[in-house]
Every structure is written in C-alpha cells, then in structure tokens.
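The structure that follows is given in the form of structure tokens.
The values are calculated or read from the model by the stated rules, or taken from the named source; none is laboratory data. Source: prediction; values computed, not measured. Cβ atoms come from the backbone with ideal geometry, glycine included; neighbour counts cover every protein chain shown. With ligands, DNA and RNA removed, areas are computed over all heavy atoms of the protein, side chains included. Shrake-Rupley method; radii C 1.70, N 1.55, O 1.52, S 1.80 Å.
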Amino acid sequence: RRNAVSVHPSQGGRIGPQRGADQGLMFSTFRFVIAILVIALYTLPLMVVQEIALRTPLLSDRIVPRLWHRLTLRMLGVRVRMEGSPAKDRPLMIVANHVSWLDILVLGSLDGVHFIAKSEMRKWPILGTFARQQRSVFVERERRRSSPEQAREIAERLADGDPMVLFAEGTTGDGNRVLPFKSTLFGAAQLALASDRADSVTLQPVALIYVSKGGLRLDRRERAAISWIGDTDLLPNLITLWQSRPIDIAVRYGDPIPFLAKGDRKTVTREAEAQVRAMLTAGLRGTEI
C-alpha cells in the first residue's frame, strides 16, 4: 500500500501558489477600489472649484482640469513623458492619434488645452462632466449636416486663443498604427481666419505612444489589449489598465504647420497625418525622429 502524503500549504505544493495568487488578486482589487474612492473624494470639490472658475474671473478655468488629470494619472499608475515642445503660437490646433480615453488625461495634464470630443462623451460618468467643465466642443461625427455648425464653434474657440485638441482619426486605434485622418474638422482652422484676428492657424501634430507596462516594453498584442477600441465598456478597460500599471506613455510633439486662409485642407491633413505616423513608428521602435 502506498503511503499517503499530506501536503500543507506552508510546505509548498499546489495549494500554496494558488492561495498566493488569490491573495494577490484580492490585494490588487482592494487597491483598485481604494484608488477609485480617492479619485471620487477629490473630484467633487474640484468640480465645485471649476464651476466657480467658469462663472467668475477670479480663477483661470484651465488650472483645475490640469490638476485633476495629473492627480488621476498618478492614482492610476500612468507615467507621462513629453518629447519635444508644444507650440506657443495662437490660434493653435493640436492634431493627435487616438488610442484610449486615457489620451484625454495625458494631454490635459501637460497644458491648458480644450478638446474636440464625440457627443457620446457628455453621458460618461466623471469624465463627461469634466469634459464639459473643460469647455470641450462636442461633435456628432456621423451627422454630416451638423459639421458646418460644429466647425464654426471650433473656429470661434480657436480665434479666441483656446488651444484645441483634435483626434483626427475620428475613432480609437490599437496604438500600433495610425488610421487615416479625416479632413472635415480641419476646415475649422480656415474658418477661424475669417475673423481677421490671425493670419494663420498653427497645426501641431502630436503622437501618443504607449511604450511600456511594468517597466517592460509593450508588444503589439499587449498594446492592443490596453487600447480602447470600438464599443468596449469603460470599466473593463479601466481594470485592464490598472492591472498593467505602471504604464508609460510618451507624447511626441511634431513640427508646427502653418495653415493659411488659402491653404488646402486635404494637403494639410496629409502632412499632419504623415508626421504623426512617422513619430509613432519611431517611438514604437525606440528610435529618435
């Protein structure tokens, strides 16, 4: 008869590693819940302060959003590295690729910018409210008839000196390549010149590069896994990002492109797209541009 062997968890065996994994998952979940609670705790008072800033001239309405973005990135374990310099010229439209909802926090943490966002974002919890308080312009990309009106609103904001961020692909990609840029909203840059307050609008291409997680460079599959594509729900994507922390994201600023009143919209669109694609490719390869 074979002798029975009793394996205690403290002595190794199969039970120990499984219990360790379960405890690790519980601890990670606990930290995630705590992080969300902390974000909620500072979000409400900052929203109140921002509402005051929007209604009175006592405080700049660009300070609170930038602070909130920075605090939230730190809570989520996202580290941002800026490469190159943002243009100082005004009017300014920043033209970037789009990987995730996280892009808004990343760009919002670096400068006092305003976003051209899809209309569905109005309904998002927290982010939707902050997008409104950050004076984002909400656009309905599927309704072509509304495009001229939306372009006029963006043009007015540009003419007033507000730097606007346009995710020119019109949707999110997987972070490994750049989708074709849509030229429709570039027309807002031309409309801004109709006010005669500027001779040109500066377009600055920006590449958002998801570089690494946990200190290791992301491969194509991992980068696609943490991107936010299609109709993926926000919470599962947020959990995936949390499990991947720390995440390192590089923001590369390209060469500013002057857009004149008589400039060709499609030509400028192609030039901006080419710059972003070149910067993304170089960033993923770990090379300079």
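Mind putting together the pair-distance distribution for the chain? All Cα pairs, 10 Å bins, whole percent per bin, short to long.
So the P(r) values, bin by bin, are 6, 26, 32, 20, 8, 4, 3, 1, 0, 0.
Further question: Provide, for the chain, the number of lysine pairs with alpha carbons under 25 Å apart, each pair being eight or more places apart or on different chains.
Count of close lysine pairs: 8.
I'd like the carbon and sulfur percentage of the solvent accessible area for the stretch 138-289, probe radius 1.4 Å, heavy atoms only, ligands and nucleic acids excluded. Present the calculation step by step, with values, prior to reporting the outcome.
Numbers: 3660 of 7580 Å².
The computed percentage sits at 48.
What 222 nm value per residue comes from the helices of the chain, counting each DSSP H run with n ≥ 4 as -39,500 (n - 2.57) and dividing by all residues, nearest 500 deg cm²/dmol?
Numbers: 9 runs with 129 residues, N = 289.
Helices in the chain give a 222 nm mean residue ellipticity of -14500 deg cm²/dmol.
Send over a whole-number figure in Å² for the accessible area per residue of the stretch 164-264, probe 1.4 Å.
Counting only protein heavy atoms, the per-residue value for the stretch 164-264 is 44 Å².
Enter the angle in degrees (range 0 to 90, nearest 10) between the Cα long axis of helix 234-244 and the first principal axis of the Cα atoms of the chain, meaning the one along which they spread out most.
60
So how much accessible area does residue 229 have, in Å² to the nearest 10, using a 1.4 Å probe?
80
Still on this structure, I have one more. When the chain is fully extended, how far beyond the present Cα-Cα distance does residue 260 get from residue 27, taking 0.36 nm per residue of separation?
78.3 nm
Just from the alpha-carbon atoms, what are the Rg and Dmax of the stretch 42-179 in angstroms?
Cα-based Rg and Dmax for the stretch 42-179 come out at 14.9, 43 Å.
Kindly state, to the nearest 0.05, the FRET efficiency for residue 63 paired with residue 219, given R0 = 41 Å and r defined as their beta-carbon distance.
0.60
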